[in-house]
1. I need to check one value: relative contact order of the chain, counting alpha carbon pairs closer than 8 Å and at least 6 residues apart, in percent.
2. Once each part is reduced to its C-alpha centroid, what is the distance from the stretch 266-309 to the stretch 28-101 in angstrom?
3. Provide the solvent-accessible area of His136, counting protein heavy atoms only and rolling a 1.4 Å probe, rounded to the nearest 10 Å².
4. Counting other Cβ atoms within 10 Å of each Cβ, which chymotrypsin sites (Phe, Trp or Tyr not before Pro) in the stretch 10-94 have at most 13 and sit in a DSSP loop?
5. Going toward the positive end of the dipole of the stretch 256-329, with +1 on Lys and Arg Cβ and -1 on Asp and Glu Cβ, which of Ile287, Leu306, Ser266 do you reach last?
6. So what are the stretch 250-390's ellipsoid semi-axes, whole angstrom, largest first, if each one is the square root of 5 times an eigenvalue of the alpha-carbon gyration tensor?
7. My understanding is that a pair violates if its Cα-Cα distance is over 28 Å; which of Lys179/Lys219; Lys83/Lys314; Lys83/Lys103; Lys144/Lys181; Lys53/Lys181; Lys83/Lys236 do that in this structure?
8. Where in the stretch 49-68 does the amide nitrogen come within less than 17 Å of the point 7 Å from the Cα of Ile154, taken along Cα to Cβ?
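The values are calculated or read from the model by the stated rules, or taken from the named source; none is laboratory data. All figures in this text were calculated on a predicted structure; none of them were measured in a lab. Don't worry about glycine lacking a Cβ; one is built from the backbone with ideal geometry, like all the others, and counts go over all protein chains shown. For accessibility, only protein heavy atoms count, side chains too; no ligands or nucleic acids. Shrake-Rupley method; radii C 1.70, N 1.55, O 1.52, S 1.80 Å.
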Amino acid sequence: VDAVIADLKPLVEPNDIIMDCGNSHFTDTQARIHALAADKIHFVGLGVSGGEKGARFGPSIMPGGDVEAFKIIEPMLTAIAAKVNGKPCTAYMGTGAAGHYVKMVHYGIEYAIMQMIAEAYHILKIYAGLTNNELHTVFDGYNKGRLQSFLIEITASIFTQKDDKTKADLIDVIKDTAKQKGTGAWMSQDAMAIGAAIPAIDAAVAARTISALKNDRVKNAKILQLAITNTKQIDKQNCIVMVEAALYAGYIITYAQGLAMLQTASTNYGYNTNITTVASIWRGGCIIRAALLENIMEAYEADATLTNILVSPKFVKTILTDQASLRELVQLGAATGIPLPSLSASLHYLDAFSSNWLPANLIQAQRDFFGAHTYERLDKEGVFHTKWGE
């Protein structure tokens, strides 16, 4: 990107606009905005999501930077963006590197949702014993209900694809190692930096890393032999229903984590990002488009002070109902030796987020004991230190 900017600089004049429509790290974008501002050149970090079809038929477009520059390019972006109910899936994301930051959060949510769908596939294939044809039918059914989303839609289609080389189902000849370009890790890294909790996304990043250790995993399976024999009577239909409810809860909790982090970042970095607007432009064109985003958008429209959708009246009843299936599924995974890292992390986030007491007081005591790091008290204001053991 810097090399291209260097080539462009002799050709541009003050008030011209350079747009980076790639997946740049937001800190690099911020540095380029600052550097080019010295020459009165506008730099727009512009996130784009939609894949090959988005490129042909309209993506979701997330521009950030100077609002003056946005107003100039807005008609072009509006014309090429995907449309939902006649409304374009593009809008101003905020100042500075907001556009690329929003795209990074989009990527993180995408990582977690893909991982949770893969975990659902793992349970349905290994535990419930569904064939690829049955898996197609199940996911196609999911997509006709409240889980309707691009990623569920393509998952259903994947199970019907034949391999042109072997004529077998293509899914069965694809190596079980997931690659990544680092964008999910970027979100995890910045979450740590700004103090945002996104465990479902962190777990999805780690799951891809573990999947890449294919040779080690094959050797370890022979050495450790952790396979657990299932003695429970399998009811396929009940399993399918349980997975649907657990997956929907996981969807909600993942969006909750990602959007809460985006709000924190907007405050920390001064982006002034409107979360309602973000949800609205993710409804079409992009990889994480889902029917659920209509409810998310409405939740933020109803309460401008909302900091997490889990406490919105729009979602409380659903979470209280579906958390039972999420718990059952996580328990099933533990009992049968099937790893469910992102679904488990979603459940643990929900439990911690809704707990009126956590054992962090012990951690504070430990820190003060070995390092005199001090602690706070429940009964009075201030910072305290104890000479432990005296």
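1. Here the relative contact order equals 18 percent.
2. What the calculation gives is 17 Å, centre to centre.
3. For His136, the solvent-accessible surface is approximately 60 Å².
4. Listed in order of number, the matching sites amount to none.
5. Value: Ile287.
6. 34, 23, 14
7. With Cα atoms farther than 28 Å apart: Lys144/Lys181; Lys83/Lys236.
8. 49-61
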